[in-house]
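**Q** Sharing a structure below in structure tokens format, with a few things to ask.
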Amino acid sequence: HTSVYDVALLLEEKRWVGWMETIATFTLSPKTEFHDIIVPTLDSVRYMWVLEQLATHERHVLAVGPTGTGKTLNVINKLMNGMPDKYGPVFVGFSAQTSANMTQDQIDAKMDKRRKGVYGPPSGKKYVIFVDDVNMPQREEYGAQPPIEILRQWMGHGGWYERRSWEFRKIVDVSFIGAMGPPGGGRQVVTNRFLRYFNFIAFPELEDASMKTIFSVILHTFVEAHLPETLLPLCELLIDASIKLYNSLLKGLLPTPAKPHYTFNL
């Protein structure tokens, strides 16, 4: 291992192991839909371990990075399959048209009344609320993004006001995970008053080794299921050539004002 970040500490056994040794061996079913394939890599295993530690200690997390780095897929997969039993996921999607009222109603609908003025998940449970595309909502005339402001009120004051009775609703046993890409293409710059509540996990562009891991699993599984075995030795060559071509495109076909669509991702 070249770095301390390449290893995890197993406290019970008092020894260091590689991150990939902390998960079960991954096998891909040939029947899996392409958009549902999630191949674990060194990076994704590390990120999801950090995310679990933060979420289970009720710390808010923001996954940031460009499109195609697996933020949303990895977080959803972790919340659905990799969290302790008492944590239940709640999924919220933001778009340019999302309003503060829609956001509040969507989250309130999931909450049970604990006692007067206090709401939360069913007793004995905790919610992890995942909001994708946090920075998509449009700005209003004064420059704020209302859905973000209602979430900020909840984070800063522990709840929000019920709009009919004006009663303050305290919301408990909830942590928040958001995902967003860099500003541009409809995504806005988010106020620091909101960002200050978060621990950030950055998802940079995939390294060549991670890309090779992902495509090796997918291509080998496909060839073994549908094509002659004699083609298996060609898989590595095909993957290496594809990655080399992809990197050449990134360097040679840069976006320009005349060709802003020249953005490539996986």
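**Q** So how many residues does the stretch 77-92 have that are open to solvent by less than 50 Å² (accessible area, probe 1.4 Å) and free of Cβ contacts under 8 Å to residues at least 24 places away in the same chain?
**A** Counting residues in the stretch 77-92 that are open to solvent by less than 50 Å² (accessible area, probe 1.4 Å) and free of Cβ contacts under 8 Å to residues at least 24 places away in the same chain gives 0.
**Q** Moving to a separate point now. Quick check on the stretch 193-211. Is at least one of its residues open to solvent by less than 70 Å² (accessible area, probe 1.4 Å), modelled with pLDDT under 90 and of a type in the set (D, E, K, R)?
**A** No, the stretch 193-211 has no match at all.
**Q** Could you check the stretch 214-240 and list, in sequence order, the residues that are open to solvent by less than 60 Å² (accessible area, probe 1.4 Å) and either part of a helix (DSSP H, G or I) or within 23 Å of PRO66 (Cα to Cα) (or both)?
**A** Residues satisfying the conditions are ILE214, SER216, VAL217, ILE218, LEU219, HIS220, THR221, VAL223, ALA225, CYS235, ILE239.
**Q** Can you list the strands (runs of 3 or more DSSP E) lying wholly within the stretch 119-195 that have 3 or more residues being without any contact (Cβ under 8 Å) to a residue 60 or more places away in the chain?
**A** 126-132, 159-161
**Q** Return the total of residues in the stretch 180-192 being on the phi > 0 side of the Ramachandran plot and either open to solvent by 50 Å² or more (accessible area, probe 1.4 Å) or of a type in the set (Asp, Glu) (or both).
**A** Final tally of qualifying residues: 1.
**Q** Next up: Suppose the filter is within 22 Å of ALA55 (Cα to Cα) and surrounded by fewer than 17 Cβ atoms within 10 Å (Cβ to Cβ); does GLY117 pass it?
**A** When the stated conditions are applied, GLY117 does not pass them.
**Q** Restricting attention to the stretch 55-72, does a residue exist that is open to solvent by less than 20 Å² (accessible area, probe 1.4 Å), outside any loop (DSSP other than H, G, I, E, B), within 30 Å of LEU250 (Cβ to Cβ) and in contact with a helix residue (DSSP H, G or I) (Cβ under 6 Å, 6 or more places away or on another chain)?
**A** Yes: one or more hits.
**Q** Can you work out which of the residues in the stretch 149-178 that are of a type in the set (A, V, I, L, M) and open to solvent by 10 Å² or more (accessible area, probe 1.4 Å) is nearest to the chain's Cα centre (by Cα)?
**A** Out of the qualifying residues, it is VAL174.
**Q** Which residues, taken from the stretch 241-252, are at pLDDT 90 or above and either open to solvent by 70 Å² or more (accessible area, probe 1.4 Å) or closer than 18 Å to THR27 by Cα (or both)?
**A** The answer is LYS244, LEU245.
The values are calculated or read from the model by the stated rules, or taken from the named source; none is laboratory data. None of these values were measured; they are calculated from a predicted model. Cβ coordinates were reconstructed from backbone atoms using ideal geometry, including for glycine residues, and neighbour counts include every protein chain displayed. Surface areas here come from the heavy atoms of the whole protein model, side chains and all, with no ligands, DNA or RNA. Shrake-Rupley method; radii C 1.70, N 1.55, O 1.52, S 1.80 Å.
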